[in-house]
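Asker: Provided herewith is a single structure, encoded as structure tokens, for subsequent inquiry.
The values are calculated or read from the model by the stated rules, or taken from the named source; none is laboratory data. Please read all numbers here as calculations on a predicted model, not as lab measurements. Cβ placement follows ideal geometry from the backbone for every residue including glycine, while neighbour counts extend to all protein chains displayed.
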Amino acid sequence: MSQGMTFETAPPRAEVEFHCSGKATGKMRNELDVRMVKPFTEPSHALATDEGPFHGGDASAPPPLALFVASLTGCLMTQVRAFAKRLGVQLNDLDVETRVCWDWAREGRTYETAPKSFEIDVKIDSDAPLADQLALVAAAKRGCFIEQTLGRQNTITHKLKTPEGWISAD
């Protein structure tokens with residue numbers, strides 16, 4: 001954790017919150033500014049997404065799904081590395097391969113999607129006993145915000161700005 005907070009001084013429970021503001025630019029490009037606001041504020045990060053020709057974009061930045069899969073991979077890798085230190089598991093090297101598959105179906109002039117599979121292969125180079133490595137991966141799975149989000153049913157709400165104010169788009 002940052003801003004003077006360490007794992008030892010962190011509260012036993014906290015709410016973690018991120019905000020992201022996006023602005024449409026170019027054909028299909030989006031400029032994004034994402035930042036953590038709770039339990040403390042961290043510097044914001046500028047990111048971009050774009051689509052390739054299928055959606056009329058220029059492929060000037062990764063598509064959102066690429067960032068999604070990269071985030072899942074990076075989240076688990078971060079937890080493995082952080083928890084290895086806390087659990088006393090020496091890591092000589094770490095490689096992770098992630099494969100995510102969705103079903104895509106044309107629906108009139110649009111399409112619909114559904115997740116099919118999430119597969120994550122964790123390759124740990126360590127002299128630690130296998131039981132300790134398995135415990136490390138289990139702890140990392142429990143600590144990965146993205147993996148925990150994907151493993152639960154979530155409610156996502158949408159609002160649409162109108163001249164009269166915000167209305168539900170759900």
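Asker: Among what's in the range 59-106 and is in contact with a strand residue (DSSP E or B) (Cβ under 6 Å, 6 or more places away or on another chain) and aromatic (Phe, Trp, Tyr), pick the residue that is nearest to Ser117 (Cα to Cα).
Answerer: That would be Trp102.
Asker: Can you spot a residue in the range 42-55 that is outside the structural domain of Asp125 (by TED's automatic domain parsing), of a type in the set (S, T, N, Q) and free of Cβ contacts under 8 Å to residues at least 40 places away in the same chain?
Answerer: The answer is yes, given that some residue of the range 42-55 is outside the structural domain of Asp125 (by TED's automatic domain parsing), of a type in the set (S, T, N, Q) and free of Cβ contacts under 8 Å to residues at least 40 places away in the same chain.
Asker: Would you say Thr9 is more than 29 Å from Val96 (Cα to Cα) and either modelled with pLDDT under 95 or surrounded by 14 or more Cβ atoms within 10 Å (Cβ to Cβ) (or both)?
Answerer: It is true that Thr9 is more than 29 Å from Val96 (Cα to Cα) and either modelled with pLDDT under 95 or surrounded by 14 or more Cβ atoms within 10 Å (Cβ to Cβ) (or both).
Asker: Within the set of pairs 6+ apart or on separate chains, which have a first residue in the range 22-34 that is more than 13 Å from Glu51 (Cα to Cα), a second that is among the hydrophobic types (A, V, I, L, M, F, W, C), and C-beta atoms under 6 Å apart?
Answerer: Final answer for the pair search is Gly22/Leu32; Leu32/Cys20; Leu32/Leu47; Asp33/Ala46; Val34/Cys20.
Asker: Is there a residue being surrounded by 14 or more Cβ atoms within 10 Å (Cβ to Cβ) and either in contact with a Phe, Trp or Tyr (Cβ under 7 Å, 6 or more places away or on another chain) or in the same structural domain as Phe18 (by TED's automatic domain parsing) (or both) anywhere in the range 104-112?
Answerer: For the range 104-112, residues surrounded by 14 or more Cβ atoms within 10 Å (Cβ to Cβ) and either in contact with a Phe, Trp or Tyr (Cβ under 7 Å, 6 or more places away or on another chain) or in the same structural domain as Phe18 (by TED's automatic domain parsing) (or both): absent.
Asker: Anything in the range 121-170 that is aliphatic (A, V, I, L, M), more than 19 Å from Gly88 (Cβ to Cβ) and more than 14 Å from the chain's Cα centre (by Cα)? List them, or say none.
Answerer: Ile156, Leu160, Ile167, Ala169 - these are the residues of the range 121-170 that are aliphatic (A, V, I, L, M), more than 19 Å from Gly88 (Cβ to Cβ) and more than 14 Å from the chain's Cα centre (by Cα).
Asker: Residue by residue through the range 12-50, note down the ones that are out of contact with any strand residue (DSSP E or B) (no Cβ under 8 Å at 6 or more places or on another chain) and exposed (fewer than 13 other Cβ atoms within 10 Å of the Cβ).
Answerer: Pro12, Arg13
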